[in-house]
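Read through the structure below, which is laid out as structure tokens, and then see the notes.
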Amino acid sequence: MATTLAQPLRPQSNVGLGRGVGLALLAHAVLLLALKAGLDWRSHDEPALEAELWSAIPEAAAPKAVEPEPPPAPAPRPAPKPQVQEPEPQREAQIAIERERKLQQKLQEQRELAERKKQERLAAEKLQQEQAKADKLKEEQDKRAKALEEARREAQRQENLRRIQGLAGASGGPQSTGTAQQSSGPSANYAGRIKARVRPNIVFAETVAGNPLAEVEVRCAPDGLILAARLLKSSGHAGWDQAVLRAVEKTERLPRDTDGRVPASMVLAFRPNE
């Protein structure tokens, strides 16, 4: 027996589905036609219109505008070279080599500086040795010259003493023409007269112990003019020596002897206390 009743659990068939799909397709077709019509309207060429303009007075046309030339395009810049980074071990090796080179250069400069200082020190020591030798040689020469001068002074002093000692025994008169030493010597009181002429010119206010003797050699012209005076033997007191020399220079002229002559050279001796 067939059952005509609908089963409640069976899904019902979609009766309006086909109609909905048709309406959707129709709407899309209308939309596509509208879009195409809009595009065709914009792509149609507009008809060209020509018009002629007449002027009562002929006028020349303005020059055609010339478009400026575009500026030249900038030259292309060279592409930067890609920096190639050296491998890390190679860079470290180069750094070590450069450091070693600088160290060797510094050591070489230090050695050269030390060598220069050594040469300068040796040159300074050699110069000092040569200077010491020269000073020693000069000192020896000065000693020899001083010894010779002392010997010469002593010989001159002895000669003057022998000549002065002969004053007491002089026997020649004013008209004597003999050549013997005794008759050609000064008169007995000539030495006293000379001292009496020089002594007042000595200016000395100091006190000297021991009453030292200063000997001065005097060279005179035939008329008694003092030509030169020098200290022949120091008294050991510089002040007294200088006072005697100044007195002789201040005297300027010595008296003549009884025979009218003045010895060309004589030695005068003075003490502070006499």
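What follows is calculated from the coordinates using simple rules that are stated; it is not laboratory data. What you see is a predicted model, and the numbers here were worked out from it, not measured in a lab. Positions of Cβ are backbone-derived with ideal geometry, glycine not excepted, and every protein chain shown enters the neighbour counts.
As a rough guide to protection, the peptides 209-219, 98-108 ranked by mean Cβ packing within 10 Å, highest first, stand as 209-219, 98-108. Note on region 91-165: Lys pairs 8 or more places apart or on different chains, Cα atoms under 23 Å apart, count 12.
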